[in-house]
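Okay, structure first, notes after.
Any read-out appearing in this document is the output of simple, stated calculations on the displayed coordinates, not a laboratory observation. Since the model is a prediction, treat every value here as computed from it, not as a measurement. Backbone-built Cβ (ideal geometry, glycine too); neighbour counts: all protein chains shown.
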Amino acid sequence: MLKNRIIKILKRTFLILVMVGLLIFYFIFPRFIIERRNPILESFKTQNVYTDTLYKNNSAMFKRKKLKFLTYDNLEQSALLTYTHIAKPKGTIILLHGSSHTKMHFYDLSKFLAKNGFNSVALDIRGFGESEGQFFTFGVKESKDIQKLVDVLINEEDLSNIGIWGQSIGGALTIQSMGSDHRIAYGISESTYTDLKSNIQGYFKRHTGFNLALVSDFLVERAGRIGDFDPNDASPIKYSKHITQPTLIIHGGQDEAIDISNSETIFSAIKSKDKEFIDVESAGHINLWEVGGKALFDKILHFLNNQATTYN
């Protein structure tokens, strides 16, 4: 009797654990892919404080301005606009960070661009930094946010010759934005992937050692339903086919997070006749600038100067 009772308890416990596991897999795991802010958890967090000194002019070479705008779905987004001291700037470049950064990642880069005659706009992508948003949709909604930012730059700030420069997921947004908005005159994409599903498949394989495409694809589809977007539209390769603007693609040859073949595929699909690919052979995913050094930035600046125009 006792043995049978123990067996029944173990069976029930196992079934409960399986059911709990399935519920977590179905409802919780997909949120790890897209959820940037959980309303419940946010109430327990200490909010980041950005002091005004970050936005103040500290050089005769440039001045800064905090920029706020609303998205199509009424979320407030935050950006840092840095003006060059040059009377007739060469252009204005939107800067897009990766998944582990915010707009402040570009604080020094914006100074570099200002000294070389370019304005820049470092954006907190929705759900990051000071920008509102619960879910990150890998470019489906964010590309519309960038279109709104371009509206603001042209119509409210009277800026022109708009370029764009992004890293990793920011590089994906660069490709998607250039393919959908040709007011963006040129762009630089670093260390990006071809599409969301294959990117998540690669993530699973790196961390499990197995190709779990069916599982990862299911989680991505669930994430899309939770975040109200179509995962199949989170596809830089799809938008690269519509890019006719001058484009610079950069990737590290030793990138283990996102293989260089992703950028090579995107580069091949881009329709622009003015495109260039830079393989920083010994660089990984997060040390591209450090490994590339001055030689890389000289090539980038050469590309940007080739796109430079002036406006009144």
Listed peptides 188-194, 262-268, 148-154 by packing density, highest first (mean Cβ within 10 Å): 188-194, 262-268, 148-154
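How would you rank SER160, SER261, SER143, SER120, going from fewest to most other Cβ atoms within 10 Å of each one's own Cβ?
Values: SER160 17, SER261 12, SER143 23, SER120 27.
Ranking SER160, SER261, SER143, SER120 by Cβ neighbours within 10 Å, fewest first, gives SER261, SER160, SER143, SER120.
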Size of region 168-312 along its principal axes in angstrom, Cα-based, largest extent first? 51, 33, 24
State the Cα centre-to-centre distance between region 289-305 and region 112-156 in whole Å. 23 Å
Cut-off 10 angstrom, C-alpha nodes, Gaussian network model of the chain. Which of GLY21, GLY91, GLY127 fluctuates the most? GLY21
Taking other Cβ within 10 Å of each residue's Cβ, how do ARG5, ARG31 sort, fewest first? ARG5, ARG31
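May I ask you to derive the relative contact order of the chain, considering only C-alpha pairs under 8 Å and at least 6 residues apart, and to give it as an integer percent? Could you put the intermediate results ahead of the total?
Details: 578 pairs, mean separation 47.1, N = 312.
Relative contact order for the chain comes out at 15 percent.
Summing Lys, Arg as +1 and Asp, Glu as -1, what charge do residues with Cβ under 15 Å from the Cβ of PHE204 carry, PHE204 excluded?
Values: positive: LYS197, LYS205, ARG206, ARG222; negative: ASP195, ASP217, GLU221, GLU256, ASP259.
Combined, the nearby Lys, Arg, Asp and Glu give -1.
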By Kyte-Doolittle mean hydropathy of at least 0.0 and Cα axial length of at least 15 Å, which whole DSSP H helices of the chain are selected? 2-23, 169-180, 213-227, 288-306
Just how large is the dipole of the chain about the Cα centre, in debye to the nearest 20, putting +1 at every Lys and Arg Cβ and -1 at every Asp and Glu Cβ? 940 debye
Determine, for ARG183, ARG126, the number of other Cβ atoms within 10 Å of each Cβ, and report the residues in order from fewest to most. ARG183, ARG126
Determine the calculated [θ] at 222 nm for the chain from helices alone, applying -39500 (n - 2.57) to every DSSP H run no shorter than 4 residues and normalising by the residue count; nearest 500 deg cm²/dmol. -12000 deg cm²/dmol
Which whole-percent values make up P(r) of region 227-285 when all C-alpha to C-alpha distances are grouped in 5 Å steps starting at zero? 4, 19, 24, 20, 17, 12, 4, 1
With every atom except the alpha carbons ignored, what do you get for Rg and Dmax of the chain, in angstroms? 22.0, 91
Of all the C-alpha pairs in region 180-234, what % are more than 14 Å from each other? 63 percent
Region 151-169 residues near the modelled LYS63 label - backbone nitrogen below 15 Å, point 7 Å along Cα→Cβ: 157-158
Within the set of other residues whose C-beta is less than 9 Å from the C-beta of LEU80, count the net charge using Lys and Arg as +1 and Asp and Glu as -1. +3
Using DSSP, restrict attention to beta bridges with both residues in the chain and report what percent are antiparallel, rounded to the nearest 5. 35 percent
